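Undergrad: Structure incoming, see below.
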Amino acid sequence: MEIFQKFKEKILSLQNPTIIHHYDTDGITSAAIIYKFLLEHGKQPEIKTVKGINRFRVEELKDIPEKIILDVGTNHIDSLKDAIVIDHHYPLIPTSNPNLLNAHLIGIDGSKSISSAGMASLVTSSSYSIAILGAIGDRQYPFLGKNLDLLEQAIKDREIIITKDLKTYGKYKRPLFVMLSYIFKDFALDKKQAIKYIDSMNIKQKLNGIWRDYNSLNPDEKRVFLKHVLEKAHRLGILNDIYGEILMMKPFYNIDMNELSSIVNATGRKGKAMVGIKLVMGEKDALDQGINIWKGYQRDLSSALEYAYENIEYRNNYIWLDGRGYIDSSIIGVVTSIISGQSSNKNTMVGVSKDDDILKISIRSNIIDVGKMIDSIYSENRLWEGGGHTNAGGFTIPEDDLDKFINVLEMKLSQNSFKSYLQ
Ligand SMILES: [Mn+2]
């Protein structure tokens, strides 16, 4: 489309651009695509990573000259002075700013069929595999529409290969028993059982004192190992969850793209997005750094979950988690998702965390349409910025407004009202 060419020219016309990007996988992959493209055209772009843009953050960003904003910014473009925004989030406010390239405004469904990384790859006509990694990060599968076109292009260019294998985490650089603890609950609770189980297959678990990983097994060992693991998974009814089609991208043919996406996501959330950017640009050294960051992120996540389990409150129509001061705003969303998803009952869960005096509120539900309820609250109070989809969404509000916010939320969730937001 002509519009992508127009934005290609726009970003190439900048002298010393600053790339401002969202800190998740899609934001990082978008940044990598634009960064790589600008480097190839002799520019030296700066990079700035943000957790999000809300009206409190606009002030610190608006005076940066020659901004290219990726995977955030649609709703603030008019206050961001000449910023070029490439995004796929649904615009909450009507705008006809010529510097906004938003999927929804050019007839592409940005929630399902393209990520910001996909938009960036169409602008630069490059990096189709990185675009797919962005879509995986935003959980846009099965691939539809533009994502499917990008995947086909990446396969044609031999940037992505598809094969069948374990879909689990930890095939690269994690001991076999650790990898199995991600698959089987009994092994998660008792790692010694996992070690015994692998011993029973006559597979050597250490080489020169170092634990071996799945990728280092020879074909015979792999066959034996898979036979046992797949049988166990079949007995437990989780075979399709752990085995099937996987995607791998150049030059990381020993790690699947789902896992790569988790690693990249962790780099951003731990304040090391540059490692993620170098990683998706294909620097092999960055992979080991990324894995170490991912391990640290997993530790943060388990201590946040521990805190959450001890502190959740079952209120009338929802589960409440106040993580202020204990759970980082980069983690509250995933913690809320995990706890809400683990409950066998239908539930709505609300988690809150704090950045300075701004609160991040995460809402998850399998009863009400979260996006619909958020839109309704936002339409009544434009100072509480929010957005979401059917099952997940959230708000950014000033801390002083918390009591008022809870009142509004409880009213929306009350017996009389919540029927209008059913999924
Ligand atoms: Mn995105």
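Undergrad: Mind telling me which of R158, R315, R55 comes out most flexible in a GNM of the chain, alpha-carbon contacts under 10 Å?
TA: Most flexible of the set in this elastic network: R315.
Undergrad: Would you mind classifying the chain by shape? Square roots of the alpha carbon gyration tensor eigenvalues, ordered a ≥ b ≥ c; an a/c under 1.5 is rounded, otherwise it is prolate if a/b is larger than b/c and oblate if not.
TA: In terms of gyration-tensor shape, oblate.
Undergrad: Starting from the Cα coordinates of the range 48-196, work out the convex hull volume and express it per residue in Å³.
TA: Convex hull volume per residue, Cα atoms: 166 Å³.
Undergrad: How would you rank R212, R364, going from fewest to most other Cβ atoms within 10 Å of each one's own Cβ?
TA: If I rank by nearby Cβ atoms, fewest first, I get R212, R364.
Undergrad: With respect to the cross-link table entries K295/K412; K191/K222; K10/K51; K204/K250; K185/K250, which display a Cα-Cα separation exceeding 28 Å?
TA: Where the Cα-Cα span goes over 28 Å, the pairs concerned are K295/K412; K204/K250; K185/K250.
Undergrad: Relative contact order of the range 296-423, please, whole-number percent, based on alpha carbon pairs below 8 angstrom and at least 6 residues apart.
TA: 19
Undergrad: What value, in deg cm²/dmol to 500, does the helix sum -39500 (n - 2.57) over DSSP H runs of n ≥ 4 give at 222 nm once divided by the residues of the chain?
TA: Value at 222 nm, helices only, nearest 500: -14000 deg cm²/dmol.
Undergrad: Under the classification rounded if a/c is under 1.5, otherwise prolate if a/b is larger than b/c and oblate if not, where does the range 295-423 fall, given a ≥ b ≥ c as square roots of the Cα gyration tensor eigenvalues?
TA: oblate
Undergrad: If you don't mind, another one. Once phi is turned into θ = phi - 60°, what whole-Hz ³J(HN,Hα) does the Karplus curve with 6.51, -1.76 and 1.60 give for every residue of the range 67-75, x standing for Gly and Pro?
TA: 8, 10, 10, 10, 6, 8, x, 3, 7
Undergrad: Counting Lys +1, Arg +1, Asp -1, Glu -1, what net charge surrounds S261 among other residues with beta carbon under 12 Å of its beta carbon?
TA: Here the charged neighbours net out to -4.
Undergrad: How big is the dipole moment of the range 326-368 about its Cα centre under a simple scheme where the beta carbon of each Lys and Arg is +1, that of each Asp and Glu is -1, and everything else is neutral? Debye, nearest 20, please.
TA: Dipole magnitude for the range 326-368 comes out near 300 debye.
Undergrad: What are the radius of gyration and Dmax of the range 281-340, computed over its Cα atoms and given in Å?
TA: Both quantities, over Cα of the range 281-340: 15.0, 51 Å.
Undergrad: Suppose a student asked you for the relative contact order of the chain, using Cα pairs under 8 Å spaced at least 6 residues apart; what percent would you report?
TA: 11
Undergrad: For the range 177-245, take N as its residue count and report Rg(C-alpha) divided by 2.2 N^0.38 Å.
TA: That works out to 1.08 for the range 177-245.
Undergrad: Rounded to whole Å, give me the distance from the Cα center of the range 101-153 to that of the range 289-311.
TA: The range 101-153 and the range 289-311 have Cα centres separated by 29 Å.
Undergrad: Can you give the local net charge around D369? Use residues other than it whose beta-carbon is closer than 14 angstrom to its beta-carbon, Lys and Arg +1, Asp and Glu -1.
TA: With Lys, Arg at +1 and Asp, Glu at -1, the net is +4.
Undergrad: Something else now. Shape of the range 199-358 from its Cα gyration tensor (a ≥ b ≥ c, root eigenvalues): rounded if a/c is under 1.5, otherwise prolate when a/b > b/c, or oblate?
TA: Oblate shape, in that a/c is at least 1.5 and b/c is the bigger or equal ratio.
Undergrad: Okay, moving on. Order these peptides, 283-290, 401-408, by their mean beta-carbon neighbour count within 10 angstrom, highest first.
TA: 283-290, 401-408
Undergrad: Taking each full run of DSSP H in the chain as one helix, which ones are at least 24 Å long along their axis (Cα atoms) and have mean Kyte-Doolittle hydropathy of at least 0.0?
TA: Result, helices passing both filters: zero.
Every read-out reported here was derived from the displayed coordinates using simple, explicitly stated rules and does not represent laboratory data. Quick caveat: nothing in here was measured; it's all calculated off a predicted structure. Cβ sites come from the backbone with ideal geometry, for glycine too, and all protein chains shown count toward neighbours.
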